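See structure below.
Where a number appears in this text, it was derived from the coordinates with a stated rule and is not lab data. Keep in mind that what you see is a predicted model, and the values were worked out from it rather than measured. Virtual Cβ from ideal backbone geometry, glycine too; neighbours counted across all protein chains shown.
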Amino acid sequence: MVDVAVLISGGGTNLQALIDACAQDDFPANIVKVFSNNPDVLGLERAKKAGIDTQVINHRDYESREAFDEKLHAEITACGAKLICLAGFMRILDARFVNRWKNRMLNIHPSLLPAFRGLHTQERALEAGVRFSGCTAHFVNPELDDGPIITQAAIAINPDETAEELAARVLELEHIIYPQALKLVAEGRVRVANHRVRISNAEYADQSIVNPKPE
Ligand code: GRF
């Protein structure tokens, strides 16, 4: 069983997906603590409801990004977590922090990386006229929304849908692939070589390419 810290800044629907997955008997990870940089978010309520320890570390209380990241690192280490899942965490973490958690920190991003890093991904996908959108679970590198890709899911874009409608459809996929990615990592089946992820169970890896179904 691998102990995980989840970092949030908002509503926490991905956190909820991770909580639900961890509640399954055979799931190999356990959320030991949920951290938020924002004190008034629904995600904290979701964690409390599930009986998970929470802590607010408000970035406004720190004079620099480094000081905030240092506190975060100290508290995550203190709670015993061996993995971090970023789940809608809206702070950029400095390279020192990221490197300390190299290949041990996951993120979920609402695009098919490396396309559309950053914010407003679905608006930009619609503007660009791409035919597919999707989401990516990946290890975190010091660059924004970068790092070895663990799982992705793709959906065809309906040219008449709004960015909000597309985002809602992609979010549903996020809730499927993020727990899958955590499971693979917690099971020790994910290896990173030359910035690429290899998953030891090929059949499972194939399934995760497009519209993965939960196991
Ligand atoms: C998700 O779209 C996620 O991909 C992005 O931030 C959003 C967080 O949503 N990184 P939620 O708080 O998990 O509902």
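Picking from V140, F35, I157, whose Cα lies most toward the positive end of the charge dipole for the chain (charges on Cβ: Lys, Arg +1; Asp, Glu -1)? Final value for the positive-end residue is V140. Computed from the C-beta positions of A95 and D25, the FRET efficiency with R₀ = 35 Å rounds to 0.35. Of all DSSP beta bridges confined to the chain, the antiparallel ones make up roughly 45%.
Distances between placed amide hydrogens fall under 5 Å for C85 paired with A5, V6, L7, L106, all partners being 5 or more residues away or on another chain.
Taking region 62-215 as the region of interest, the number of lysine pairs whose Cα atoms are within less than 22 Å, with members eight or more places apart or on different chains, is 6.
In whole angstrom, the chain maps to an equivalent ellipsoid with semi-axes of 26, 20, 17, each derived as √(5λ) from the alpha carbon gyration tensor and ordered largest first. Using a Gaussian network model of the chain in which every pair of alpha carbons under 10 angstrom is joined by a spring, one finds that among P142, P110, P159 the greatest mean-square fluctuation is at P159.
Here the Gaussian network model covers the chain, with springs between Cα atoms less than 10 Å apart; of I84, I155, I108, I155 fluctuates the most. Charge tally around H195: other residues with Cβ under 13 Å, Lys/Arg +1 each, Asp/Glu -1 each, net +2. By the combined test of axial Cα extent (at least 27 Å) and Kyte-Doolittle hydropathy (mean at least -0.5), the qualifying DSSP H helices of the chain come to 163-186. Relative to a virtual label point 7 Å from the Cα of K82 in the Cα→beta-carbon direction, which members of region 90-106 show backbone nitrogen distances below 16 Å? Label zone hits: 101-106. Between F35, F139, F97, the residue with the greatest mean-square fluctuation in the GNM of the chain (Cα pairs under 10 Å linked by springs) is F97. Dipole check for the chain: with +1 at the C-beta of Lys and Arg, -1 at the C-beta of Asp and Glu, and the Cα centre as origin, the magnitude is about 640 Debye. For region 47-129, the set of GluC sites (Glu not before Pro) satisfying both a DSSP loop assignment and a count of at most 11 other C-beta atoms within 10 Å is given as E63.
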